[in-house]
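Since the structure comes first, as structure tokens, the remarks are kept for the end.
The values are calculated or read from the model by the stated rules, or taken from the named source; none is laboratory data. It should be emphasised that the depicted structure is a prediction, and the values quoted were computed from it without experimental measurement. Positions of Cβ are generated from backbone atoms using ideal geometry, with glycine treated the same way; all protein chains shown enter the neighbour counts. Surface areas here come from the heavy atoms of the whole protein model, side chains and all, with no ligands, DNA or RNA. Shrake-Rupley method; radii C 1.70, N 1.55, O 1.52, S 1.80 Å.
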Amino acid sequence: VGSDSWGRSVIYSFVSHDGYSDETVAFLFGDVGTATPYNTFDHSPQESISTTKWISRDIEALGDKPTLVSHIGDISYARGYSWLWDNFFTQIEPMASKVPYHVCIGNHEYNWPLQPWRPEWSYSIFESDGGGECGVPYGLRFNMPGNSSEPTGTHAPATRNLYYSFDVGVVHFVYISTETNFLPGSSQYNFIKNDLESVDRAKTPFVVVQGHRPMYTTSNELRDAPLRNRMLEHLEPLLVKNKVTLALWGHVHRYERFCPLSNFTCGSLGLGGEDWKAFPVHVVIGMGGQDGQTIWEPRPDHPELPIFPQPVRSLYRGGEWGYTKLVASKEKLTLSYVGNHDGEVHDMVEILVSGQVLNGGSSSAGSDTKAQGSMETRDKNPVYKLPLHSLFILSISWADSELEGGIGSIGNADT
């Protein structure tokens, strides 16, 4: 790109993914933003630079092996300042110039007071987070598969790239919009239902659904509760019925992994020979770099201690920024959480093609805790191996009768 008189850019090479490969590799996160050297904006998330650095390292290590990046909402946080979009694209150039960069829409790309879908119950949710962009820059700067769009209700172009799907190797990826209508009867609901029901599991045995606002979270985020309730009522049955492997969400600027879930209930892992069902594993991956983290839901009797009790459904909670790496073969899908401070894996879950979760129990950095069969067994007979620096806190908390199960993240950055 350029001219002979003014100079030209370097030449980039690009390897697209093969839809028929026996292996799938992807890097996934949400809520990144862009770091700037200026003091003209509220946020300049330096951690976003680290996320780009570590993923670029991993992409380089893959050589010519195809991979993709998945950014699930709250992308540049430009909020109407176009120069921040430019800065963001410069920042992600080491990744986006080499591999496909897929996105879905978040509240900071879309929400404004007069957005077309604004049910009465959503007024505490859909505010003015988009800074007047109304989804227009997002819709015009990216070109995702499919033809989904919603009118803005203004003279601006319709918002595109709202929901779509594609196959990469052994994984069927589905992207949805939590900011536009997903209720039964809507175009998006019909798309999600028809798409999940038509997946060829012989070709793509794993299904990964991604959206911005989480269906499950234990963060102290109360405003989104009406939206979560409707997602649980209308969308979760589709995920469970169609045996979705992973459900990935952003919005909460932390990492949190749940047990295989249906209606707040952990499914048995089946590792002890008991009956089991292939429930989706929900993971919040909004720790891509943007600052402003919410605290975990506090204890009713100890509001000053936001870490405990960690509900049994929450198996790992991390406070370190970073990203996740997905590697899937015909037999197994592995999702790893990589921290920005050291570039090392802090948490990992492995899911077989049958839906069984191999290491679905709690884990923490530096420990090798394994799942104890079913979730019920894990609660009745807790066996945890913890790093030594965690034992002091453990000795206090274990005696508390209010402690409710999973203590796996006792060694995380928030302790």
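Residues that are touching a residue at least 12 places away in the same chain (Cβ under 8 Å), assigned to a loop (DSSP other than H, G, I, E, B), crowded, with 24+ Cβ neighbours inside 10 Å and not aromatic (Phe, Trp, Tyr) do not occur anywhere in the stretch 180-191. Can you tell me which residues in the stretch 117-141 are assigned to a loop (DSSP other than H, G, I, E, B), open to solvent by 10 Å² or more (accessible area, probe 1.4 Å) and in contact (Cβ under 8 Å) with a residue 60 or more places away in the chain? Of everything in the stretch 117-141, those that are assigned to a loop (DSSP other than H, G, I, E, B), open to solvent by 10 Å² or more (accessible area, probe 1.4 Å) and in contact (Cβ under 8 Å) with a residue 60 or more places away in the chain turn out to be 117, 124. Scanning the stretch 220-234 for residues that are open to solvent by less than 10 Å² (accessible area, probe 1.4 Å) and either at pLDDT below 95 or part of a loop (DSSP other than H, G, I, E, B) (or both) gives a single hit, 224.
Consider the stretch 259-282 and keep the residues that are part of a strand (DSSP E or B) and under 21 Å from residue 205 (Cα atoms). The one that is nearest to the chain's Cα centre (by Cα) is 282. Give me the residue from the stretch 340-358 that is over 18 Å from the mean Cα position of the chain (by Cα) and closer than 24 Å to residue 201 by Cα and, out of that set, surrounded by the most Cβ atoms within 10 Å (Cβ to Cβ). Result: 357.
The set of residues from the stretch 88-104 being without any contact (Cβ under 8 Å) to a residue 60 or more places away in the chain and either surrounded by fewer than 20 Cβ atoms within 10 Å (Cβ to Cβ) or assigned to a loop (DSSP other than H, G, I, E, B) (or both) comprises 89, 90, 93, 94, 96, 101. Of the residues making up the stretch 29-79, those that are in a loop (DSSP other than H, G, I, E, B), modelled with pLDDT of 90 or more and closer than 23 Å to residue 140 by Cβ are 30, 31, 32, 33, 34, 73, 74, 75, 76, 77, 78, 79.
Residues of the stretch 66-74 include none that is open to solvent by 10 Å² or more (accessible area, probe 1.4 Å), within 20 Å of the chain's Cα centre (by Cα) and not charged (D, E, K, R).
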